[in-house]
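To keep things clear, I will list the structure first and then write my remarks on it.
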Amino acid sequence: MQRSANPPSLQRRYELITRVLRHNILSGRLPRGVVLLEGPIAELMQSSRAPVQAALRILEEEGLIHRFSGRGFLAGPPGEVVEPLRKDIRELDLQIAVEIDEALQSRGTWELVYDQVEQQVASCLIFGEFRIVETELGDYLGVSRTVVRDVLSRLHERGLIRKNQSSHWIAGPLTAQTVREKFAVRAIIEPAALRMAASHIDYRAVESLSRQLAAGETVDGEDLEEALNSHCLMRVPNRELADLIRNNQLLLKAAGGALNRLGLPPDRVAHSEYRTLFDLISRHLVDSAAEYLESHLRALSDKNLARLKIVAVITESSVLAPYLTPK
């Protein structure tokens, strides 16, 4: 088992999570083929998803887990043909060293509440402009001002909030111009990344997903976009470009998730377009797939603008957290 030179109390949260998962994979407590999902792991480790994502990337690089056509990762080295084993990770009796357990519980309080706040802030963007008052957010969460500032700093870093001239934290609005500009950027950089990643794409996973879609299986739109990222775009051998893609998608993904939670129907046409895209990639027609992806993203821009218009008939007070004050 690999060990860090630093004691648990000095390690970053993703390092602690990596150690726990690595030990349990090597010991067999996480059996080969078991499906590893960010959400359940984050809940078990009392963490936000970001450190879990980092831990899973490290374990993938070490060859201890691998991606497959479904959501998440499978325990075990790549190339193995195993049936996905879907179990609640909390029922697998994982072994967590006492000192690591204590370190996990004592570190990063802000991470425990971040996902909740991000989702709530993302939901407000589509309704206009809102102010976030630090004291009200702290009272709502029941945490200190230090924790609140850590949460707000992370939201600011991800482009979900900003400070105005009075140094007030502001969320929104998500304007039509913002949506158009971000999709325009996507239509430039994502096809380029797909071409650059051609020799690094996980074609086996893409082929499996393509067969699912061709057979008429329904796959959630968010899962299809995540599959495109994980199996193709994020494999581009240029970390700066991968980070640029991920950061540019953040606001759009957050807004899209908020619209889905409001009950807006899924885009069946987009589902069909993803089927064509994955079919092209599975047949190694990457240049054609890149051209198709560009036209898909430009069309997706108009569809997202149309979805935003539907929000006008929804009462914002029914979905907004109390610490969000309309401006």
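The values are calculated or read from the model by the stated rules, or taken from the named source; none is laboratory data. Owing to the predicted nature of the structure, the values given are computational and were not obtained by experimental measurement. Glycine also receives a Cβ, built like all others from the backbone with ideal geometry; neighbour counts cover every protein chain displayed. Just the protein is used for accessible areas: all its heavy atoms, side chains included, with ligands, DNA and RNA removed. Shrake-Rupley method; radii C 1.70, N 1.55, O 1.52, S 1.80 Å.
Numbers for the structure displayed
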{"quantity": "Residue that is modelled with the highest pLDDT [pool: residues in the stretch 193-222 that are open to solvent by 40 Å² or more (accessible area, probe 1.4 Å) and hydrophobic (A, V, I, L, M, F, W, C)]", "calculated": "M196"}
{"quantity": "Failed criterion for V179 (all others in (1) open to solvent by 10 Å² or more (accessible area, probe 1.4 Å); (2) within 22 Å of the chain's Cα centre (by Cα); (3) touching a residue at least 12 places away in the same chain (Cβ under 8 Å) hold)", "calculated": "(1)"}
{"quantity": "Residues located in the stretch 134-150, provided they are surrounded by 15 or more Cβ atoms within 10 Å (Cβ to Cβ) and β-branched (V, I, T)", "calculated": "V143, V147, V148"}
{"quantity": "Residue, modelled with the lowest pLDDT, within the stretch 107-124, restricted to residues that are farther than 13 Å from G172 by Cα and of a type in the set (S, T, Y)", "calculated": "T109"}
{"quantity": "Residue satisfying all of: in the stretch 4-18; charged (D, E, K, R) and surrounded by fewer than 21 Cβ atoms within 10 Å (Cβ to Cβ); modelled with the lowest pLDDT among these", "calculated": "R12"}
{"quantity": "Those residues of the stretch 186-218 which are among the β-branched types (V, I, T) and within 21 Å of I245 (Cβ to Cβ), in sequence order", "calculated": "I188, I189, I201, V206"}
{"quantity": "Residue ID - nearest to the chain's Cα centre (by Cα), chosen from residues in the stretch 35-51 that are open to solvent by 50 Å² or more (accessible area, probe 1.4 Å) and hydrophobic (A, V, I, L, M, F, W, C)", "calculated": "L37"}
{"quantity": "Unmet requirement for I310, which otherwise passes all of (1) in a helix (DSSP H, G or I); (2) under 30 Å from S199 (Cα atoms); (3) open to solvent by 30 Å² or more (accessible area, probe 1.4 Å); (4) at pLDDT below 85", "calculated": "(2)"}
{"quantity": "Of residues in the stretch 52-105 being buried (at least 18 other Cβ atoms within 10 Å of the Cβ) and assigned to a strand (DSSP E or B), the one modelled with the lowest pLDDT", "calculated": "R67"}
